[in-house]
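Data first, discussion second: the structure below is written as structure tokens.
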Amino acid sequence: MFKAIKRLRRPKIDPLKLREDSVFLVRKKFSLLYDGKLRNTIPIVKSALKRSTDVLKPKTNITFVIVPTSSYFVKNKMKGVAGFTRDENLVVLEVHTGGKWREGLISTAAHEFSHTVRLKKFKYATLRESLASEGLAQNFEALISDKLQP
């Protein structure tokens with residue numbers, strides 16, 4: 001796993017300084033590697049994963065890497081949290097702890113979880129696949145964070 005983290009390039013992560021927690025849901029292991037300053041994010045991510053696995057069942061174990069960011073854009077335009085799915089086993093969440101990051105963390109964790117589960121179906125090879133994947137992830141995010149409009 002540390003080899004995958006070293007390949008990320010952004011954010012700059014020292015894997016030896018990360019702490020680890022984990023949770024087992026639907027017979028899959030979710031590893032949570034996090035910067036020590038972000039200890040308070042772990043219960044929120046676990047809650048989002050619990051709600052997410054009630055709806056979608058992952059086929060593999062997934063590692064979430066949670067790291068701090070000082071990005072102005074993330075703080076003001078992304079509700080304090082940005083994330084990306086590296087592959088079907090690795091998600092990186094960047095958290096800016098100023099502002100309303102807790103709400104953004106639930107939404108972003110659910111959004112990226114959706115991408116990891118559906119990554120085998122959507123390869124982002126075409127614009128159609130990209131739009132379909134993002135639409136499904138947005139809808140899933142709204143469902144998990146209780147913002148889905150009837």
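Only the coordinates and a few stated rules stand behind these numbers; no lab work does. What you see is a predicted model; the values in this text were computed from it and never measured. A quick note on method: Cβ atoms are made from the backbone with ideal geometry, for glycine too, and the neighbour counts reach across all protein chains shown.
Coupling constants for the range 125-131 follow from the phi torsions by the Karplus curve (6.51 cos²θ - 1.76 cosθ + 1.60, θ = phi - 60°), and in residue order they are 7, 10, 4, 4, 4, 5, 5 Hz; glycine and proline get x. Karplus-derived 3J(HN,Hα) values for the range 19-34, using 6.51 cos²θ - 1.76 cosθ + 1.60 with θ = phi - 60°, are 9, 10, 9, 8, 8, 9, 9, 6, 6, 10, 9, 10, 8, 10, 9, 9 Hz; glycine and proline are entered as x. Counting beta carbons within 10 Å around each of V45, V26 and listing the fewest first gives the order V26, V45. Footprinting exposure proxy ranking of K50, K123, fewest other C-beta atoms within 10 angstrom first, gives K123, K50. If only the Cβ of Lys and Arg carry +1 and only the Cβ of Asp and Glu carry -1, the dipole of the range 2-144 around its Cα centre is close to 300 debye.
The chymotrypsin sites (Phe, Trp or Tyr not before Pro) found in the range 121-150 that occupy coil by DSSP, while having at most 15 further C-beta atoms within 10 Å, are Y124. Is the C-alpha gyration tensor of the chain telling us rounded, prolate or oblate? Criteria: a/c under 1.5 is rounded; beyond that, a/b larger than b/c is prolate, otherwise oblate. It comes out rounded by the Cα gyration axes. In order along the range 56-72, the Karplus-derived 3J(HN,Hα) couplings, from 6.51 cos²θ - 1.76 cosθ + 1.60 at θ = phi - 60°, round to 10, 9, x, 9, 10, 6, 10, 10, 9, 9, 10, 10, x, 9, 10, 5, 4 Hz, and Gly and Pro are given as x.
Remark on S71: its backbone amide H falls under 5 Å from none of the residues 5 or more positions apart or on other chains, H modelled at 1.01 Å from N. Look at T41, T126 and count the other Cβ atoms within 10 Å of each Cβ; fewest to most, that gives T126, T41.
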